[in-house]
1. In nanometres, what is the gap between the two model label sites at residue 123 and residue 62, each 7 Å from Cα along Cα-to-Cβ?
2. Using the count of nearby Cβ atoms within 10 Å as a rough guide to exposure, how do 78, 149 rank from fewest to most?
3. Distance in nm between label sites at residue 46 and residue 134, each 7 Å beyond Cα in the beta-carbon direction?
4. Which of the residue pairs 47/128; 27/124; 50/134 have a Cα-Cα distance greater than 28 Å in the structure shown?
Amino acid sequence: FTRDTSLRLVRKITREKELGRTVGIGKVFVKTHTKPDGTYVNKKAEKIAKNYEQKLQVKVSEMEAETSNVSDGESRPRQLTTDDCTLIFLQEHLPDLVTGKRKHLGKSSSFVALQVQLNEAQQKLEEKAAHNAKREEEQTKGVVEKYLRQTDPTFLHFIESHSPESTTEPISSPTTS
């Protein structure tokens, strides 16, 4: 670790203790680059912080739009996780933070390594989101089935008549030509 990296890590841990929850890198950046009077330490920090907040708002709006497209009336928008916020911040500002200038991208082996890590993290987040969506779908199906079992006798009859134990006809073997 470099001195700056260690200092950032200490600040992040301190911030997490203050808030009592995990804090994303973007929030740490904003907090550590804001003076007590609310102004930013420099124009670059202000630009990065405002751009980050704007990207967060866009993502929240996208998630709300996705939820409004579901017509069940009970869906609520997914909340941004700390990982989501960190990913949004890093996707936009990692090149600036690593190299200081975008025109030097790709020349640093540390940048390439960080980019690989970022891609891996993004893939893990996408896999987790897919897993969560599948789990939520299974839970919804379970609730619907439970409701139907309790309220609809025809559903129970249907389940009984289509369960493997109640099938009286033998499974036909494939015909050979």
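We did not get these values from a lab; they are worked out from the coordinates using the rules stated. Just so it is clear, the model here is predicted, and its values are computed rather than measured. Cβ sites come from the backbone with ideal geometry, for glycine too, and all protein chains shown count toward neighbours.
1. 2.0
2. Values: 78 16, 149 12.
Ordered by Cβ neighbours within 10 Å, fewest first: 149, 78.
3. So the two model labels end up 4.8 nm from each other.
4. Values: 47/128 31 Å; 27/124 22 Å; 50/134 35 Å.
Long pairs (Cα-Cα over 28 Å): 47/128; 50/134.
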